[in-house]
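K.L.:
Input: one structure, supplied below.
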Amino acid sequence: MAYRGFGAAAAGVVTLAFAASPASAVTEIQWWHAMTGPNNDVVVKLANDFNASQSDYKIVPTFKGSYADTLNAGIAAFRAGNAPGIMQVFEVGTATMMSAKGAIKPVFELMKEQGEKFDPQSYLPAITGYYSTSKGDMLSFPFNSSSMVMWVNLDALKQAGVAEPPKTWPEVFADAKKLHATHPTCGFSSSWITWGLIEQFSAWHNVPIGTKANGLDGFDTVLEFNTPLETKLLENLVELQKDKSYDYSGRTNTGEGRFTSGECPLYMTSSAFYPNVKANAKFAYTAVPMPYFPDVAGAPQNSIIGGASLWVMAGKSADEYKGIAKFFTFLSDTDRQVYLHEVSGYLPITKAAYEKTKESGFYDKNPILEVPLKELTNKPPTENSRGLRFGSMVQMRDVWSEEIEAALAGKKSAKDALDAAVSRGNQMLRQFERTAVK
C-alpha cells in the first residue's frame with residue numbers, strides 16, 4: 001500500500017527542499033500552534049525555557065489560529081515546501097496526518113534515530129493509543145490532552161432540591177426537568193455535540209463508533225453508531241429540548257458561557273474549561289464524570305482524549321530533527337509535565353507525572369482536575385475506547401451535527417437522523433479512502 005501527502009490525488013507529488021544551516025549557527029525550529037490566552041503563554045514559556053537550557057537550538061513558536069486554521073496552514077505550507085518543523089494538530093486531524101505519510105516524520109522513528117530515550121509505555125495508555133499505529137508505534141507526540149466531563153452548578157442543584165450531581169443518564173434527564181423549574185431557559189446543555197454524544201458516549205459505553213477499532217486499524221472503516229443505545233440518548237434529548245429542560249448550545253464550545261453565567265446548571269464540555277470556570281463562575285461548582293446508562297453491561301468503560309498532539313514534518317535537516325527530538329525529551333520531563341498540568345488544566349501525559357501530582361496532595365485541593373484522568377484510566381482501553389481515526393473527521397463532525405440538529409428541531413426522528421449521519425459519514429469515508437490510499 002502506498003501513501004501520498006496531503007490531498008495527493010489533487011495536488012500531485014510535492015518535493016520538500018531540505019533546510020540547511022551554517023555549521024556554527026543556532027538551528028531554528030518553527031513550531032506552529034493553536035493555543036490562545038493563558039495557554040499561549042505556556043507555549044511561549046516552554047519554548048523560552050528550552051532555548052535557555054542549551055545553545056544549539058531555538059524553538060520559535062507561532063500562533064496560527066484555531067485548530068482547523070493551524071492544520072490548513074500546515075497543509076498549505078507543506079505543498080509550498082516551507083512547512084514548520086513541528087505542527088500542533090487536534091486529535092480529529094490524526095487520520096489526515098497519518099494518511100500523509102510523505103509529509104510527516106513519525107515520532108517513534110525520530111526518537112530512535114536520534115538516540116533519545118522514548119518509551120511509549122511511560123505515557124498514559126488512553127493517550128498513546130490515540131496517536132499510535134495498531135502495532136503501538138507512536139506517530140505524534142502527545143501535548144495537550146483533555147476529556148469530557150459534566151460541569152455542575154451546586155448552588156442551582158440545592159435550589160432545585162437535587163441532593164447530589166447525577167451519575168447516570170436517567171438521573172441527568174430527571175434532574176434537568178427539576179432544574180428547568182428554576183432555570184427556564186436551560187436545565188442541561190452541552191458543547192462539542194458530536195464529541196460528547198457520539199464519540200465519548202460510545203467509548204464510555206464500550207460500543208463501537210465504527211468498524212476496524214474505530215478506524216485505528218484501517219481506513220476502510222464503516223460507521224455504526226446508529227444503534228438503539230445512541231437512539232435512546234438522542235430521543236430523550238429531543239423530548240427534553242421541547243421545553244428547554246435540555247437546550248442545545250451549538251457544535252463547538254461557543255456556548256460554554258451559559259454555564260459560567262449560571263444559565264445552564266448542568267453542562268457537558270471539555271475538562272480544559274477549568275481555567276475559565278475558575279475565573280468566571282460566581283457560584284459553587286464541581287465537575288463529575290460523564291453520565292452513563294446503568295443497564296449497559298460494563299459501563300462506564302473509559303473516556304477518550306480531546307486536545308492535540310505535536311507532529312514532526314518531513315524534509316527537515318538532520319540538525320532540526322536532532323533539536324526536535326531533544327525538545328520532546330525536554331517536554332516529557334516529569335516535573336515539567338506536573339507544571340503543565342497544574343497551570344493549563346490539561347492532563348499530564350505521563351504516568352509518572354500523574355503519580356507525582358497525586359502524591360503531592362494536589363488533587364485533595366483540586367479534585368476537579370483529577371476527574372478526566374479517572375475517566376481516561378477507569379479501565380484499560382478496548383477496541384471501542386482507545387480512540388478513533390476517521391478521515392475527513394472535521395467535515396464529518398459537521399454532517400453529524402447537522403443531523404442531530406434536525407432531530408432536536410423536530411424535523412427528523414432520532415433514528416432517521418442517526419441513520420442519515422452514518423450513511424452520509426460513510427460516503428465521506430469512502431471518498432477519503434480513495435484520496436488518501438492507493
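The values are calculated or read from the model by the stated rules, or taken from the named source; none is laboratory data. As the structure is a computational prediction, the values presented were derived from the model and not from experiment. Quick reminder, even Gly has a Cβ in these numbers, built from the backbone with ideal geometry, and neighbours come from all protein chains shown. The protein model used for the area step is the full one, side chains on, heavy atoms only, and it has no ligands, DNA or RNA in it. Shrake-Rupley method; radii C 1.70, N 1.55, O 1.52, S 1.80 Å.
K.L.:
Check TYR131 against each of (1) within 25 Å of THR382 (Cα to Cα); (2) at pLDDT 95 or above; (3) open to solvent by less than 10 Å² (accessible area, probe 1.4 Å); (4) not small (Gly, Ala, Ser) and name the one condition it does not meet.
P.N.:
TYR131 satisfies every listed condition except (2).
K.L.:
On the basis of being at pLDDT below 90, surrounded by 13 or more Cβ atoms within 10 Å (Cβ to Cβ), touching a Phe, Trp or Tyr at 6+ places or on another chain (Cβ under 6 Å) and of a type outside the set (Val, Ile, Thr), does MET87 make the cut?
P.N.:
Details: at pLDDT below 90: no; surrounded by 13 or more Cβ atoms within 10 Å (Cβ to Cβ): yes; touching a Phe, Trp or Tyr at 6+ places or on another chain (Cβ under 6 Å): yes; of a type outside the set (Val, Ile, Thr): yes.
No.
K.L.:
Any chance you could count how many residues in region 260-277 are in contact with a Gly (Cβ under 9 Å, 6 or more places away or on another chain) and either part of a loop (DSSP other than H, G, I, E, B) or farther than 22 Å from ALA308 by Cβ (or both)?
P.N.:
Counting residues in region 260-277 that are in contact with a Gly (Cβ under 9 Å, 6 or more places away or on another chain) and either part of a loop (DSSP other than H, G, I, E, B) or farther than 22 Å from ALA308 by Cβ (or both) gives 5.
K.L.:
Here is a further query. Hey, among ALA325, ALA299, which residue is modelled with pLDDT of 95 or more and in a loop (DSSP other than H, G, I, E, B)? Reasoning before the result, please.
P.N.:
Details: ALA325 fails: in a loop (DSSP other than H, G, I, E, B).
Matching residue, one of ALA325, ALA299: ALA299.
K.L.:
Looking at region 160-177, which of its residues are farther than 22 Å from SER202 by Cα and either surrounded by fewer than 16 Cβ atoms within 10 Å (Cβ to Cβ) or out of contact with any strand residue (DSSP E or B) (no Cβ under 8 Å at 6 or more places or on another chain) (or both)?
P.N.:
Listed by number, the residues that qualify are ALA160, GLY161, VAL162, ALA163, GLU164, LYS177.
K.L.:
Take the residues of region 100-128 that are of a type in the set (Gly, Ala, Ser) and closer than 19 Å to GLN88 by Cβ: which is surrounded by the most Cβ atoms within 10 Å (Cβ to Cβ)?
P.N.:
ALA103
K.L.:
Still on this structure, I have one more. Restrict the check to region 196-216 and report whether at least one residue is of a type outside the set (A, V, I, L, M), more than 17 Å from ALA126 (Cα to Cα) and free of Cβ contacts under 8 Å to residues at least 40 places away in the same chain.
P.N.:
Taking every residue of region 196-216 in turn, at least one turns out to be of a type outside the set (A, V, I, L, M), more than 17 Å from ALA126 (Cα to Cα) and free of Cβ contacts under 8 Å to residues at least 40 places away in the same chain.
K.L.:
A further question on this structure: Filter region 354-381 down to residues that are open to solvent by less than 40 Å² (accessible area, probe 1.4 Å) and either out of contact with any Lys or Arg (no Cβ under 8 Å at 6 or more places or on another chain) or at positive phi (or both), then give me how many there are.
P.N.:
So the first thing to find is which residues in region 354-381 are open to solvent by less than 40 Å² (accessible area, probe 1.4 Å), and the list is 354, 357, 361-363, 366, 368-373, 375-376.
Going one step further and asking which of them are either out of contact with any Lys or Arg (no Cβ under 8 Å at 6 or more places or on another chain) or at positive phi (or both), we end up with 354, 357, 361-363, 366, 368-369, 371-373, 375-376.
Adding up the residues that qualify gives 13.
K.L.:
Can we say SER245 is of a type in the set (Ser, Thr, Tyr), crowded, with 22+ Cβ neighbours inside 10 Å and within 18 Å of ALA174 (Cβ to Cβ)? Explain how you work it out, then say what you get.
P.N.:
Values: of a type in the set (Ser, Thr, Tyr): yes; crowded, with 22+ Cβ neighbours inside 10 Å: yes; within 18 Å of ALA174 (Cβ to Cβ): yes.
It is true that SER245 is of a type in the set (Ser, Thr, Tyr), crowded, with 22+ Cβ neighbours inside 10 Å and within 18 Å of ALA174 (Cβ to Cβ).
K.L.:
Now for a different question. Just one of the numbered conditions (1) part of a strand (DSSP E or B); (2) open to solvent by 40 Å² or more (accessible area, probe 1.4 Å) is not true of SER145; which one?
P.N.:
It is condition (2) that SER145 fails.
K.L.:
To continue, here is another question. Name the single residue that is nearest to LEU197 (Cα to Cα) among those in region 373-392 being assigned to a helix (DSSP H, G or I) and in contact with a Phe, Trp or Tyr (Cβ under 9 Å, 6 or more places away or on another chain).
P.N.:
Looking only at region 373-392, we keep the residues that are assigned to a helix (DSSP H, G or I), and these are 373-376.
Next cut, in contact with a Phe, Trp or Tyr (Cβ under 9 Å, 6 or more places away or on another chain) only: 373, 375.
Values: LEU373: 19, GLU375: 16 Å.
Among those that are assigned to a helix (DSSP H, G or I) and in contact with a Phe, Trp or Tyr (Cβ under 9 Å, 6 or more places away or on another chain), it is GLU375.
K.L.:
If THR231 satisfies all but one of (1) of a type in the set (Ser, Thr, Tyr); (2) closer than 30 Å to TYR131 by Cβ; (3) not in a loop (DSSP other than H, G, I, E, B), what's the number of the condition it fails?
P.N.:
(2)
K.L.:
Filter region 414-434 down to the residues that are small (Gly, Ala, Ser) and in contact with an Asp or Glu (Cβ under 8 Å, 6 or more places away or on another chain) and list them by number.
P.N.:
Pass one, region 414-434, residues small (Gly, Ala, Ser): 414, 417, 420-421, 423, 425.
Matches in region 414-434: ALA414, ALA417, ALA420, ALA421.
K.L.:
With respect to GLY161, is the statement that it is in contact with a Pro (Cβ under 7 Å, 6 or more places away or on another chain) and on the phi > 0 side of the Ramachandran plot true? Explain how you work it out, then say what you get.
P.N.:
Details: in contact with a Pro (Cβ under 7 Å, 6 or more places away or on another chain): no; on the phi > 0 side of the Ramachandran plot: yes.
Against the criterion (in contact with a Pro (Cβ under 7 Å, 6 or more places away or on another chain) and on the phi > 0 side of the Ramachandran plot), GLY161 does not qualify.
K.L.:
Tell me, which residue of region 217-241 that is in contact (Cβ under 8 Å) with a residue 24 or more places away in the chain and open to solvent by 60 Å² or more (accessible area, probe 1.4 Å) is farthest from MET148 (Cα to Cα)?
P.N.:
Taking the candidates together, the pick is ASP220.
K.L.:
Could I ask something else about it? When both residues are 6+ apart or on different chains and their Cβ atoms are under 8 Å apart, which pairs have a first residue that lies in region 58-77 and is in contact (Cβ under 8 Å) with a residue 12 or more places away in the chain and in a strand (DSSP E or B), and a second that is among the hydroxyl-bearing types (Ser, Thr, Tyr) and surrounded by fewer than 19 Cβ atoms within 10 Å (Cβ to Cβ)?
P.N.:
Going by the 8 Å Cβ cut-off, the qualifying pairs are PHE63/THR36.
K.L.:
Does ALA47 meet the test of being at pLDDT 90 or above, touching a strand residue (DSSP E or B) at 6+ places or on another chain (Cβ under 7 Å) and either part of a loop (DSSP other than H, G, I, E, B) or open to solvent by 50 Å² or more (accessible area, probe 1.4 Å) (or both)? Reasoning before the result, please.
P.N.:
Working: at pLDDT 90 or above: yes; touching a strand residue (DSSP E or B) at 6+ places or on another chain (Cβ under 7 Å): yes; either part of a loop (DSSP other than H, G, I, E, B) or open to solvent by 50 Å² or more (accessible area, probe 1.4 Å) (or both): no.
In short, no.
K.L.:
Can I ask one more? Which residue, of ALA279, ALA272, is at pLDDT below 95, touching a helix residue (DSSP H, G or I) at 6+ places or on another chain (Cβ under 9 Å), within 25 Å of SER140 (Cα to Cα) and surrounded by fewer than 23 Cβ atoms within 10 Å (Cβ to Cβ)?
P.N.:
Details: ALA279 fails: within 25 Å of SER140 (Cα to Cα).
After ruling out the rest, the residue left standing is ALA272.
K.L.:
Confirm whether TYR346 is closer than 17 Å to LEU376 by Cβ, under 18 Å from the mean Cα position of the chain (by Cα) and open to solvent by 10 Å² or more (accessible area, probe 1.4 Å).
P.N.:
Numbers: closer than 17 Å to LEU376 by Cβ: yes; under 18 Å from the mean Cα position of the chain (by Cα): yes; open to solvent by 10 Å² or more (accessible area, probe 1.4 Å): yes.
Against the criterion (closer than 17 Å to LEU376 by Cβ, under 18 Å from the mean Cα position of the chain (by Cα) and open to solvent by 10 Å² or more (accessible area, probe 1.4 Å)), TYR346 qualifies.
K.L.:
In addition: Scan region 410-420 and give yes if some residue there is closer than 25 Å to TYR130 by Cα and either surrounded by fewer than 23 Cβ atoms within 10 Å (Cβ to Cβ) or charged (D, E, K, R) (or both), otherwise no. I'd like the intermediate steps shown before the answer.
P.N.:
The first filter runs over region 410-420 and keeps only residues closer than 25 Å to TYR130 by Cα, leaving 418.
From what is left, the residues that are either surrounded by fewer than 23 Cβ atoms within 10 Å (Cβ to Cβ) or charged (D, E, K, R) (or both) are none.
No, region 410-420 contains no residue that is closer than 25 Å to TYR130 by Cα and either surrounded by fewer than 23 Cβ atoms within 10 Å (Cβ to Cβ) or charged (D, E, K, R) (or both).
K.L.:
On the given criteria, is SER245 in contact with a helix residue (DSSP H, G or I) (Cβ under 6 Å, 6 or more places away or on another chain), at pLDDT below 95 and of a type in the set (Gly, Ala, Ser)?
P.N.:
Numbers: in contact with a helix residue (DSSP H, G or I) (Cβ under 6 Å, 6 or more places away or on another chain): yes; at pLDDT below 95: no; of a type in the set (Gly, Ala, Ser): yes.
It is false that SER245 is in contact with a helix residue (DSSP H, G or I) (Cβ under 6 Å, 6 or more places away or on another chain), at pLDDT below 95 and of a type in the set (Gly, Ala, Ser).
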